[in-house]
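One structure is given here, and the rest of the page talks about it.
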């Protein structure tokens, strides 16, 4: 946290998670085909079957897992020493992590939680570069998915350097999946933080951002944790993000994690006033800390 050091003994408040909603639609068809219509349909099906037999153009029908190229998922390599890998937390640096190449794009809201420590790979089927634990600071680990392939997801990581990503295998039961319908955007030029729910704006507040020599880092990140620090009085709840100060390697003994938090003096809003964190009014903090699930994407422009 660029405002106060992160502590390992902090208590986490309850944060509501959004689970995926699976909708079942029932479609009714009337019997509108005549005998001629059924005959034409039978001809079409026969032609499609013949095309499949002769390996002609078209999409093959298959119930087995397949990528866009028609091959089964790439199996994850065996990891002999998971404990020996660097940990993917806000305190760590993973220089080998692939960079996020679409930092201005909005993720879908698909988030995953490792039920146990899992290996992070540089690409599907490639070497493991880190281990993602099931906890971050005092909260459960939830990271947003930015790319999906058969058997794999690419996720944002909370490590340095900013924009680090990694690939996780989805070919076992190690990941829990969920959907966050929320999106947080921060427009630094206008000092505005907006909260969207399923593409609908539900809140906008004037906030304080990083000063010129300690700017709030741009790009897409996510809500990493939710915590209470009894040693400080500037904010009842702090929401660390999965990004770090670009000018401070450390602050107050912490790793320089950028976060969202409150501030008792309203004079800080609407101007560059922090060491990189986003200072928000009390109402904004209340909504963000009680309604927005962990892993929710944050876009900083």
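Values in this text are rule-based calculations from the coordinates and carry no lab data. Please read these numbers as outputs of a predicted model, since none were measured by experiment. Glycine also receives a Cβ, built like all others from the backbone with ideal geometry; neighbour counts cover every protein chain displayed.
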Here the residues of segment 74-106 lying in the modelled label zone of residue 301, meaning backbone nitrogen under 20 Å from a point 7 Å along Cα-to-Cβ, are 101-106
Mean Cβ-within-10 Å packing, highest first, puts peptides 132-145, 180-193 in the order 132-145, 180-193
So, relative contact order of segment 182-300 in percent, Cα under 8 Å, 6 or more apart, is 35 percent
Rounded to one decimal in nm, the spacing of the 7 Å Cα→Cβ label points at residue 96 and residue 271 is 4.7 nm
Where a ≥ b ≥ c are root eigenvalues of the Cα gyration tensor, a/c under 1.5 meaning rounded, otherwise prolate if a/b exceeds b/c and oblate otherwise, segment 122-206 counts as prolate
Here segment 171-301 gives, from Cα atoms, an Rg and Dmax in Å of 14.5, 51
Averaging 1/r across every pair of distinct alpha carbons in segment 82-179 and inverting yields a Kirkwood hydrodynamic radius, in angstrom, of 13.2 Å
FRET efficiency for residue 105 and residue 172 from the Cβ-Cβ distance with R0 = 30 Å, rounded to 0.05, comes out at 0.60
Percent relative contact order for segment 245-288, counting Cα pairs under 8 Å at least six residues apart, stands at 37 percent
Mean separation of Cα contacts under 8 Å (at least 6 apart) over the residue count of segment 82-179, i.e. the relative contact order in percent, is 36 percent
Ordered by fewest other Cβ atoms within 10 Å, a rough proxy for footprinting exposure, 261, 177 read 177, 261
Quick calc: nm separation of the 7 Å Cα→Cβ label points for residue 287 and residue 234 -> 2.3 nm
